[in-house]
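The values are calculated or read from the model by the stated rules, or taken from the named source; none is laboratory data. Please read these numbers as outputs of a predicted model, since none were measured by experiment. Every residue, glycine among them, receives a Cβ derived from its backbone with ideal geometry; neighbour counts consider all protein chains shown. Side chains included, ligands, DNA and RNA excluded: accessible areas come from the protein's heavy atoms. Shrake-Rupley method; radii C 1.70, N 1.55, O 1.52, S 1.80 Å.
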Amino acid sequence: KAGLYAMTYELTAYTNHLYRVRRDKKTLHEMLGVTKPDFRFIQACDMDFWQLTMYERLKKIGLYLSVSEFKRFFYTYRYHSNDIFELLQYATLHKVEKYCHKFVDRKRDIPTVMSIWKDYIHFCKELGYDLRNAFILFPKNLEDAHRITYEDVLDRREKDRREKIRKEEQQAKQLLKGYQNIYPWEDKKYAVVVPKDLLEIKEEGHILHHCVATYTSKVADGTSIILFVRSLDQLEKPFYTMEVKNNTIAQCRGYGNKRMTEELERFVQRYEKKVLQKIKEKYVA
């Protein structure tokens, strides 16, 4: 009776839209959770639930369209809704469409241009550019602007990565130097050795074919301590790698993540008892 043929079809053909209907309500607009004016607009468009979602998103950003404008908007952007709504944060619908149409050609349709523009905006944000400036938001040559900002972003990321590595190496070196007087230990056959820096830890992972190189950030911030287990007769040769967390052994792995032998496991247990346990007791005291 209300003329909601699309919604009726979806509710009878599928079950995944039932959550949108509040069955404890009496009137149709209350069941859909909308106002009376909204309901009349929904009727005029004969909306399905996908269109209703789109309409609610438009209303949330304060964009009100006529019935014909809404239908055109939906069928134009239904598969690219995230892109258009992101762009609408920076300009009106009219300005967005006018700008995008400038770059439409045989190679690029509207969705493609929107995607390029959206990426360009992301790059600008990462670089700290003022998108309130129309000169930045609407570059004359979008493709060139996209390429230039992308290259600038890569340069910035590389500089940030190098700076992060430099700081991690510096922090780790200080921590590892302090560990030299705390964590080394040996018996008649094996020894626990503290690495000098992150490079030694990375080389350890490369030689033993395990992933300890990915632990360097944890070593730098002190959440993990990486120690080397060596044979006394080959102190320079990687053998097993130990991770200590909160002065408890988290793992000890050899070549290709090989598990400890029974003999080595006994050594590690003695190390935990004679060294790590004493550190814990001292810390508690």
### In degrees, nearest ten, helix 36-45 long axis to first principal axis of the chain (Cα)
80 degrees
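Quote the charge dipole size of region 52-134 about the Cα centre in Debye, to the nearest 20; the model charges only the Cβ of Lys and Arg (+1) and of Asp and Glu (-1). Working shown, then result.
On the way: 15 positive and 10 negative charges, 46 e Å.
Using Cβ point charges on Lys, Arg, Asp and Glu, region 52-134 gives about 220 debye.
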### Task
Would you mind checking which residues have amide H under 5 Å from residue 185's amide H? H placed 1.01 Å from N; only 5 or more apart, or other chain.
192
## Note on the structure
Per the 1/(1 + (r/R0)^6) rule, R0 = 35 Å and r from the Cβ atoms of residue 187 and residue 221, FRET efficiency to 0.05 is 0.65
### Message
Output wanted: per-residue J couplings in Hz (rounded whole) for region 117-127, from phi through Karplus 6.51 cos²θ - 1.76 cosθ + 1.60, θ = phi - 60°, x for Gly and Pro.
### Response
5, 4, 4, 4, 4, 4, 4, 4, 5, 5, 7
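So which of 98/118; 258/280; 245/274; 237/280 end up more than 20 Å apart by C-alpha?
Working: 98/118 15 Å; 258/280 28 Å; 245/274 16 Å; 237/280 30 Å.
Correct reply: 258/280; 237/280.
Leaving out ligands and nucleic acids, and using a 1.4 Å probe, what accessible area per residue does the chain come to in Å²?
Here the residues of the chain average 64 Å² of exposed surface.
What is the dipole size for region 86-225, taken about its Cα centre, with +1 at each Lys and Arg Cβ and -1 at each Asp and Glu Cβ, in debye to the nearest 20? Write down the numbers at each step before the final one.
Values: 26 positive and 24 negative charges, 55 e Å.
Charge dipole, region 86-225, about its Cα centre: 260 debye, nearest 20.
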### Query
Which residues does a label at residue 60 reach in region 75-116, if reach means a backbone N under 14 Å from a point 7 Å past the Cα toward the Cβ?
81-89
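Dipole size in debye (nearest 20) for the chain around its Cα centre, Lys and Arg Cβ +1, Asp and Glu Cβ -1? Numbers along the way, then the final one.
On the way: 53 positive and 41 negative charges, 143 e Å.
Using Cβ point charges on Lys, Arg, Asp and Glu, the chain gives about 680 debye.
With a 1.4 Å probe and every protein chain kept in, tell me what percent of the accessible surface of region 1-129 is carbon plus sulfur.
Details: 4210 of 8050 Å².
It is 52 percent, rounded to a whole number.
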### Task
Set Lys and Arg Cβ to +1 and Asp and Glu Cβ to -1, take the dipole of the chain about its Cα centre, and tell me which of 39, 184, 201 lies farthest positive.
39
### Message
Give me a comma-separated list of calculated 3J(HN,Hα) values for region 144-160, in order, Karplus coefficients 6.51, -1.76, 1.60 applied at θ = phi - 60°, integers in Hz, x for any Gly or Pro.
### Response
5, 5, 4, 5, 5, 5, 4, 5, 5, 5, 4, 4, 4, 4, 5, 5, 4
### Summary
residue 235 and residue 2 label points (each 7 Å along its Cα→Cβ direction) are spaced in nm at 8.3 nm
## Note on the structure
The percentage of the accessible area of region 187-285 (probe 1.4 Å, all protein chains present) made up of carbon and sulfur atoms, to the nearest whole number, is 51 percent
## Note on the structure
In region 20-73, the chymotrypsin sites (Phe, Trp or Tyr not before Pro) that sit in a DSSP loop and have at most 13 other Cβ atoms within 10 Å of their own Cβ are 64
### Message
Report the gain in length on full extension from residue 266 to residue 81: 0.36 nm times residue separation, minus Cα-Cα distance, nm rounded to one decimal.
### Response
60.5 nm
